[in-house]
Amino acid sequence: MSILSVRSLTKSYGGVQALHDVSFEVAAGEFLALIGPNGAGKSTCFNIINGQLRPDSGTVSINGRDITGRSPRRIARLGVGRTFQIAAVFGSMTVLENVQMAMIGAARQVFAVHRLARELHRERALACLAQVGMESHAERPAAALAYGDVKRLELAIALAGGPSLLLMDEPTAGMGTGERGAMIALVKALTVEHKLAVLFTEHSMDVVFAHADRIVVLARGRVIANGTVEEVRADPQVRTAYLGTAAEGMR
C-alpha cells in the first residue's frame, strides 16, 4: 500500500525549472532513496512534500489524502515526520524533554505549563528514546550530546508523533563512516518494524546502495531512473548524470 504518492510535480523559479513532471510512490515498510547530482531538484521535491513550497502543478497525497500546498504543521499532523540535514534540537532541555515536547505538540496540548509538561508522555518518550538507543541519555542536556547522538535524538523527535511517513534529508550528514552505517541500519530496522514509509536523500552512495530498497534518481528536475539498487546501478543515464566520484561509488 502506498503511503506517499507524488504525481507530476512541476516547479519553476523564474526561467529555471527545478522540477518537471516528477512522479513516484513510497509504500509502507519501504526505504526509498531520492538521489541526484547537485541542483537535481531533491530539496525542492522534499520541500513541496513537506509543505514548505507549493508546486506550480501536480499533487502530493499521504494515505490517499491530497496534502498539496498545506502547511508543514498540518502535514505533520497527518502523520509525517521529518529530520533535517543539519540537526536542530532544544539544547537547553534534556533529551527526554525534547521528545516530550514533540509529543505535547503532536497532541496539541498547548495549555501545558512547564511544571506539568515534565510529566506528560514521560513513559512514551522514554520508550521512543529506547528505540533509537538514547534512553540512557534521557536526563542529559541536549547541548552536551555528541553530534551523532543529536542525530539520534532528532530521529526520536521525528518519531514522537507516530508518523506513517518519515522524510529524512541527508540523515548521515556530518557523521563518521561507522556512525553513518549504524544510523542508516537503525532507521532501516525501524522502517521494517513499524511499517514506516521512509523517503531519504543522501550523498553517500555507499549508504544508498547498501540500504535502500528502491532508488529514484533526479537529474535537472526530471526522474531519470526509478528501480532497485541493481537496476539503478546499471543504468547508463544515472552513471552519465553523476560522472566522476559519485559514479565510482556505484560499482
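The table that follows gives values for the structure above.
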{"item": "Search result, residues across segment 58-84 that are surrounded by 15 or more Cβ atoms within 10 Å (Cβ to Cβ), of a type in the set (S, T, N, Q) and on the phi < 0 side of the Ramachandran plot", "result": "THR59, SER61, THR68, THR83"}
{"item": "Members of segment 15-73 found to be β-branched (Val, Ile, Thr) and touching a helix residue (DSSP H, G or I) at 6+ places or on another chain (Cβ under 9 Å), listed by number", "result": "VAL22, ILE35, ILE49, VAL60, ILE62, ILE67, THR68"}
{"item": "Any strands (runs of 3 or more DSSP E) falling wholly within segment 1-91 and containing at least 1 residues that are farther than 18 Å from ALA212 by Cβ", "result": "2-13, 16-27, 57-62, 80-83"}
{"item": "Test: residue in segment 155-165 that is crowded, with 16+ Cβ neighbours inside 10 Å, closer than 15 Å to ALA33 by Cα and at pLDDT 90 or above", "result": "yes"}
{"item": "Sole residue being out of contact with any Cys (no Cβ under 6 Å at 6 or more places or on another chain), at pLDDT 95 or above and among the acidic types (Asp, Glu), chosen from GLU231, GLU248, GLU179", "result": "GLU231"}
{"item": "Subset of segment 201-229 that is among the acidic types (Asp, Glu) and over 14 Å from the mean Cα position of the chain (by Cα) - its residue that is surrounded by the most Cβ atoms within 10 Å (Cβ to Cβ)", "result": "ASP213"}
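So that you can scan it fast, the table gives a plain yes or no per residue for (1) in contact with a strand residue (DSSP E or B) (Cβ under 9 Å, 6 or more places away or on another chain); (2) modelled with pLDDT under 90; (3) over 17 Å from GLY162 (Cα atoms):
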site	(1), (2), (3)
ARG108	no, yes, no
PHE111	no, yes, yes
ALA117	no, yes, yes
LEU120	no, yes, no
ALA130	no, no, no
MET134	no, no, yes
ALA144	no, no, yes
GLY148	no, no, yes
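The values are calculated or read from the model by the stated rules, or taken from the named source; none is laboratory data. Predicted model only: the values in this text are computed from it and were never measured. Glycine gets a Cβ as well: all are built from the backbone with ideal geometry, and neighbour counts include every protein chain shown.
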